[in-house]
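Taking it in order: structure first as C-alpha cells, then the write-up.
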Amino acid sequence: MSENQPEKALFQLIAEALTPEGTLPKDFSLPKEKAQNKLIFADGAMDGIKLYHTQPKEVDIEPVCQALLLISQGQEEAGKTQLTAALAQHSVIEVIDALHKWIYEHHQELDPGKLSGFAIRCIMTSSDPELIKLGLAIMELLNTDKQEALKKVIRALALCNEFTLYCLFIMRSWMSGNDEIFDLMQKVHGWGRIHCVNQIDPANRLIKKWLLDHGCENNVAPAYSALTVAKKCDLADQIVREDLSQEDWAGITLIIDGLMAEGPVAGISEIEDREGLFGGYLKQAERFPMTLATVQNLIAIAQYIDGEQVKLPEIKNQCLELLKSSECYVTVSTAMEQGKGFEEALKLSIPYEEKAMAWLKQNPIEHCMAARLLMASEKDCDEILALYADCLPLDTMASGPADVLGLGKDYQDFHALAAVLQSLRLYPGKGEAFIRCALLCPVISCRTYALDTLESWVKLAQTPLKGIAPQLLIVLDQAEELEVKDELKTRIQALKRAA
C-alpha cells in the first residue's frame, strides 16, 4: 500500500470477506502490523488473554475522557488524535468499565449526538481496531434496537473474533438479543465463540442441546468454555441420560476434556458433585465405542484422583479397568497407526517405540511430539538429533531474540526445536547446536526451554557449564546482549556467573 493510499476500513474488509452463508472464512484474519520485538496476536487473542489471564488494574482514563470531551465539543480530529494515542497505551478492554462509569457521571457535559456520530464513523471507517471497539463501547450505552442499518453493521463486525465481545454487549440489549447471540455463536469459531457461550442465556432445550454438543468446540481451547457449558447445559443431568446420541457423547467427552485441563481457567475443581460426574461419564463410556479422546479423559480422571488425593477409589478402579481393556488397547494401537496416541501408549505401557520412530522419520516436523517420548531413551537420542540437524535450518532460525509467542503453523520448525530442547535436559553436553539456535531465536518458549536445559545440565552433572559445554558460554554472551525479555536476561546472567 502506498503512503498516499489510505488504509481500508476494517468493516469494509470484513463485509467484502463475507461468504454467501453469512459467515467469515475460517482463515480470515485482520491485517497485522509486523514489527520487530512486537507480539502478533490472533484476532481476539489479546483481549482474551487480558480477560482470562491478567488481574484487573487501575488505569488512568483521563486522556480518554478528555478526548471524548473534545469530540463532544465539536473538535473531533483533535479528540480522535488524542484517543488514538491513549488507546495505544491502554486497550479498550482495560478501560471500558471505568469509561462507562465516567460517561454516566458526566452525561450532562456530553453531546450524545456528536458522540454517537463519532462512534458510528469509527465503527464504519476506521482501520484501527481499538477505535472500532471504542465506538462499539459508546454505542452499547445507547438504544440501537430500532436502527436496522446499524444492526447489520454490528452483526457483520461480530463475525470477526476481534470485535465479537463488544458487539455482544450491544446485542444483548436488543429485543431478540438472545436469538441473535445464538445465531452468532454458530458462526464464529475462535474467541468469538468463547464469548458467545459466556453471554448466551440457555433459555430453551435447543440452546442447551447445542451447548452440550458444540459449546466447547473452538479453535482456542475447550477449557475456556467447559465450566460455563457444564453449568448452562445441566451436564450433571445430561450425563446420566440413557438416550444420549453419538453427537451428545462427543460433546460430553470434549466438555470433560476441558474440565480436566484446568490450566487457563477453573474447571473440575468447581464441580460440586465430582463423584457423580465421573461416575456418569464412566457408565456412558462403557456404552459408546472407545475413542482416543475417551482414553485421554480416563487417564486424566485417574491422575486427578491421585494428584488431588481425592478419595474416590471406586471411580479410579473403574478408570483403570477400562484402561486395561482390550478395546482400549485396540483404540490406542489404531491411533498410533495414524500417527497419534503415543503419549497415551507410554502411560498405559503399550509398546509404541517402533511406530513412533516410523512416523518421526516420515515427517520429523509434524510428529515432533514423538521425538520427546523417544528421546527419553538414550539409545534413540543421537539418531533423533541427527534427524533434526538435517531437517531444521538452525542457522536461519537463529535470527535474534524477539518477543514472539510462536503460535500456529508458521512456527512449526520452532515447535520441533522446542520438543528437542525439552528432551535434551537429560543429556548434559548433547545437542549444543540446538541450544545455540534456541538462545538466539525469536520465539520466547524456545529460549526458555534452552535455559531450562542448561540449568538442568548443571544440576545433573554437578559441574559448572564451562565444564560441560564451554563453547556455549560465548553464545550466552551474545544472547545476553540481544535478549529482549528481562526475566530471561536475568537467567542468562545467573548461568554465566555460576560458570
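Brief remarks follow.
- Built amide H within the under 5 Å cut-off of VAL404, gap 5+: ILE444
- Near LEU51, once Lys and Arg are set to +1 and Asp and Glu to -1 for all other residues with Cβ below 15 Å from its Cβ, the sum equals -1.
- Accessible surface for SER116 stands near 30 Å², nearest 10, in the context of the full protein assembly shown (1.4 Å probe).
- Calculated Rg/Rh (Cα atoms, Kirkwood Rh) (choose from [x] 1.01; [y] 0.98; [z] 0.93), label: [x]
- ³J(HN,Hα), Karplus 6.51/-1.76/1.60, whole Hz, each residue of region 130-140, x for Gly, Pro: 5, 5, 5, 4, 5, x, 5, 5, 5, 5, 4
- SER29 long-range amide H proximity, modeled H, under 5 Å: none
- Backbone geometry of region 433-446 corresponds, through the Karplus equation with coefficients 6.51, -1.76 and 1.60 at θ = phi - 60°, to 3J(HN,Hα) couplings of 4, 6, 5, 4, 4, 5, 4, 10, 9, x, 8, 4, 4, 5 Hz, x marking Gly and Pro.
- Over all pairs of different C-alpha atoms, region 112-187 has a mean inverse distance whose reciprocal, the Kirkwood radius, equals 12.2 Å.
- Nearby aspartates and glutamates by direct alpha-carbon distance to LYS466 (threshold 16 angstrom, same-chain neighbours under 8 apart not counted): GLU432, GLU455, ASP477
- Whole-Hz couplings from phi, Karplus 6.51/-1.76/1.60, listed for region 275-290; x for Gly and Pro: 4, x, 5, 4, x, x, 5, 5, 5, 5, 4, 6, 8, 9, x, 6
- Entries in LYS232/LYS311; LYS361/LYS430; LYS50/LYS152; LYS208/LYS409; LYS283/LYS316; LYS146/LYS209 that, when Cα-Cα distance is taken, lie over 22 Å: LYS232/LYS311; LYS50/LYS152; LYS208/LYS409; LYS146/LYS209
- Environment charge at SER72 (Cβ cut-off 9 Å; Lys +1, Arg +1, Asp -1, Glu -1): -1
- Taking GluC sites (Glu not before Pro) as exposed when their DSSP state is a loop state and no more than 16 other Cβ atoms lie within 10 Å, the longest site-free interval of the chain runs over 59-216.
- Under 16 Å of direct C-alpha separation, and excluding same-chain neighbours fewer than eight residues apart, LYS133 reaches these aspartates and glutamates: ASP43, ASP47, GLU94, ASP97, GLU162.
The values are calculated or read from the model by the stated rules, or taken from the named source; none is laboratory data. Values in this document were obtained by computation on a predicted structure and should not be read as measured data. We place every Cβ from the backbone using ideal geometry, glycine too, and count neighbours over all the protein chains shown. Accessible surface areas use protein heavy atoms only, side chains included; no ligands, DNA or RNA. Shrake-Rupley method; radii C 1.70, N 1.55, O 1.52, S 1.80 Å.
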